[in-house]
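As structure tokens, the structure follows; a few thoughts come after it.
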Amino acid sequence: MPEDAVALADVGAGDGQLALHLRARGHRVVATERTHGPFERLRERSPDLDCRRGDGLSVLGPADVEGVVLAGMGGGTIARLLADALTNAPPLIRGLRWLVLQPQQGAGELVGWLSSQDFRLLGRAEAVQGGRSYSVLLVAPPR
Ligand SMILES: C[S@@+](CC[C@H](N)C(=O)[O-])C[C@H]1O[C@@H](n2cnc3c(N)ncnc32)[C@H](O)[C@@H]1O
């Protein structure tokens, strides 16, 4: 994520580990989660974290954050959430400075879809966790 990132959303925050880590590093963080169980655990674990329950980017407003992280979901799910935002919330997604995407699988298909929608690939790294390698993509939205 960009060094100067200030306000960001972890979309699909699960139990909030990543969101809390990012907040501890000084970022302003919104944690969103679709599923009841993880969302309730997230709120209990960190009552002062800005937690919002809903599908994908639908619970974010245009000026809420400058960047979003979508990590730990399949590449197809990430593409679907971004496509929904392009259709339903163009000012939000086109107004983002950056997106960090870490698909659990389907990275190649996701990169192809991003290119077809005019997202710009700014960087790509491979992260190894638990003996598996994951792609981490830094992208900018279509203008
Ligand atoms: C493996 S966790 C990732 C947690 C965190 N982002 C990380 O990387 O450590 C994936 C989470 O995404 C949530 N999720 C899946 N589809 C979603 C959607 N459409 N909108 C919001 N959250 C979603 C799941 O419920 C799950 O809690």
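The values are calculated or read from the model by the stated rules, or taken from the named source; none is laboratory data. Not measured: the values here are computed from a predicted model. Cβ: placed from backbone, ideal geometry, glycine included. Neighbour counts: every protein chain shown. Areas reflect the complete protein model, heavy atoms only, side chains present, ligands, DNA and RNA absent. Shrake-Rupley method; radii C 1.70, N 1.55, O 1.52, S 1.80 Å.
What are the residues in region 6-15 that are part of a loop (DSSP other than H, G, I, E, B), near the ligand (Cβ under 8 Å from one of its atoms) and either closer than 9 Å to THR32 by Cα or among the β-branched types (Val, Ile, Thr) (or both), if any? Reasoning before the result, please.
Keep residues of region 6-15 that are part of a loop (DSSP other than H, G, I, E, B), which gives 6, 12-15.
Of the ones still in play, those that are also near the ligand (Cβ under 8 Å from one of its atoms) are 12-15.
Result: GLY12, ALA13, GLY14.
Would you call GLY75 closer than 18 Å to GLN104 by Cβ, more than 12 Å from the ligand (Cβ to nearest atom) and buried (at least 18 other Cβ atoms within 10 Å of the Cβ)? Yes, satisfied. Of all residue pairs spaced 6 or more apart or on separate chains, those with beta-carbon atoms under 6 Å, a first member in region 65-76 that is within 14 Å of SER135 (Cα to Cα) and in contact (Cβ under 8 Å) with a residue 12 or more places away in the chain and a second member that is open to solvent by 10 Å² or more (accessible area, probe 1.4 Å) and among the β-branched types (Val, Ile, Thr) are VAL69/VAL100. Within region 96-124, being under 22 Å from ALA13 (Cα atoms) and open to solvent by 50 Å² or more (accessible area, probe 1.4 Å) holds for ARG97, GLN104, GLN105, ARG124.
Name the helices (runs of 4 or more DSSP H) wholly inside region 33-142 in which the number of residues that are out of contact with any helix residue (DSSP H, G or I) (no Cβ under 9 Å at 6 or more places or on another chain) and modelled with pLDDT under 95 is 1 or more.
Details: elements: 36-45, 75-88, 90-94, 107-116.
Output list reads 36-45.
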